[in-house]
Amino acid sequence: MDSLGFSQTQALSVRKRLSAYKSFKQDPDLVVSFFQGLGLDKTQIKRFISTEPRLLFCSVDKALKPRVQIFQDLGLSGPDLTTFLAHHAYILRRTDCYIRRPIECLRDILGSDEIVVEVVKRCGRLLDPYAPLAIEPNVALLRKFGWSGDKISKFIVNKPWIILRETKWLEGLLQGAETDFGIPRECKMFYHGVLVYASLKKSTFDEKVEIFRSCGWTDTSIRSLVRNLPFTFTLSEANVRKSAGFFMGE
């Protein structure tokens, strides 16, 4: 309550969850000071202690410092590091090998620490200790569809959350872009079609099709548009009508 501004109710709730740790000799104040030294503010520390109170009984020198150093060595620093730790504090309870495994997995796929940091800043769950269990079969599936390493890396940078989905779901996404959009997997536009298909609900896509029909487009022309310029279907209705009106009317 005094150091982090917990209300009495919040403090009692956290204390109740720590009842099994009464015999531990670690000093919780040292843990708070360590995180403050990294640049986390009281609100951030309060947030992750609320979710992971057991961190208060971790050894700063033997556990927390070495684990944080892994992320610093990767290239996470300053506000990027504090934001990551504030939202993913549970990772600091894992042993070093569990922390390193997802980093090594991403490094092998993406090719550089700089790109790993870029995608992790967008989707911190990629460094979840069990993330490789989802990432590795999904990467294998993309390769099965003929994607190169560069294209897979680019895809993860664009849509990092997708690589964590179930493999069956991802396969449905790839097949949907191929069948519903009519873009063959060997076509150069297939990659772009997958990105668009992942961002659109079927109802939204159907609405966009109806907009083109109302502008006088035939179904054959619409199918050709989907195959050649799938990003057109991410435009707003107003933009579609304005552009179609200009080109067809003027």
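Among the residues of the stretch 202-231, write down those that are at pLDDT below 90 and of a type in the set (S, T, N, Q).
Passing the criteria: Ser203, Thr204, Ser214.
Pairs, please: C-beta under 7 Å, at least 6 apart or cross-chain, first residue modelled with pLDDT under 95 and in the stretch 127-143, second open to solvent by less than 20 Å² (accessible area, probe 1.4 Å) and not in a helix (DSSP H, G or I)?
So the pair list comes out empty.
How about the stretch 177-193: which of its residues are in a helix (DSSP H, G or I) and either charged (D, E, K, R) or out of contact with any helix residue (DSSP H, G or I) (no Cβ under 8 Å at 6 or more places or on another chain) (or both)?
Correct list: Glu178, Thr179.
Search the stretch 190-213 for residues that are closer than 20 Å to Pro160 by Cβ and pair each with any residue that is open to solvent by less than 40 Å² (accessible area, probe 1.4 Å) and not in a helix (DSSP H, G or I) when their beta-carbon atoms are under 7 Å apart and the residues are at least 6 apart or on different chains.
Phe190/Ile183; Gly193/Phe181; Gly193/Ile183; Tyr197/Phe181
Count, please, the residues in the stretch 54-90 that happen to be assigned to a helix (DSSP H, G or I) and open to solvent by 20 Å² or more (accessible area, probe 1.4 Å).
18
So how many residues does the stretch 12-40 have that are hydrophobic (A, V, I, L, M, F, W, C), at pLDDT below 85 and open to solvent by 40 Å² or more (accessible area, probe 1.4 Å)?
Here the count works out to 2.
I'm told Trp147 meets every condition in (1) part of a helix (DSSP H, G or I); (2) more than 14 Å from the chain's Cα centre (by Cα) except one. Can you identify the failing condition by its number?
(1)
Listed residues Thr51, Thr43; which is within 20 Å of Leu126 (Cα to Cα), open to solvent by 70 Å² or more (accessible area, probe 1.4 Å) and within 24 Å of the chain's Cα centre (by Cα)?
Only one candidate passes the filter, namely Thr51.
Could you please let me know if Ile135 is in contact with a Lys or Arg (Cβ under 9 Å, 6 or more places away or on another chain) and open to solvent by less than 70 Å² (accessible area, probe 1.4 Å)?
For Ile135, the condition - in contact with a Lys or Arg (Cβ under 9 Å, 6 or more places away or on another chain) and open to solvent by less than 70 Å² (accessible area, probe 1.4 Å) - is not met.
Output the number of residues of the stretch 222-248 satisfying the condition of being closer than 15 Å to Gly182 by Cβ and open to solvent by 50 Å² or more (accessible area, probe 1.4 Å).
Final tally of qualifying residues: 4.
When you go through (1) in contact with a His (Cβ under 8 Å, 6 or more places away or on another chain); (2) outside any helix (DSSP H, G or I) one by one for Tyr130, which number turns out not to apply?
(1)
How many of the residues in the stretch 100-126 are touching a residue at least 12 places away in the same chain (Cβ under 8 Å), farther than 20 Å from Ile45 by Cβ and open to solvent by less than 70 Å² (accessible area, probe 1.4 Å)?
Here the count works out to 15.
Quick check on this structure: which one of Lys168, Lys201, Lys188 is open to solvent by 60 Å² or more (accessible area, probe 1.4 Å) and over 28 Å from Val240 (Cα atoms)?
Of the residues listed, the single one that is open to solvent by 60 Å² or more (accessible area, probe 1.4 Å) and over 28 Å from Val240 (Cα atoms) is Lys168.
Can you tell me which residue among Ile183, Ile152, Ile156 is open to solvent by less than 50 Å² (accessible area, probe 1.4 Å), touching a Leu at 6+ places or on another chain (Cβ under 6 Å) and either in contact (Cβ under 8 Å) with a residue 40 or more places away in the chain or over 21 Å from Glu118 (Cα atoms) (or both)?
One residue alone meets the criteria, Ile152.
The values are calculated or read from the model by the stated rules, or taken from the named source; none is laboratory data. On a predicted model such as this, the values are computed, not experimentally measured, just so you know. Cβ: placed from backbone, ideal geometry, glycine included. Neighbour counts: every protein chain shown. Side chains included, ligands, DNA and RNA excluded: accessible areas come from the protein's heavy atoms. Shrake-Rupley method; radii C 1.70, N 1.55, O 1.52, S 1.80 Å.
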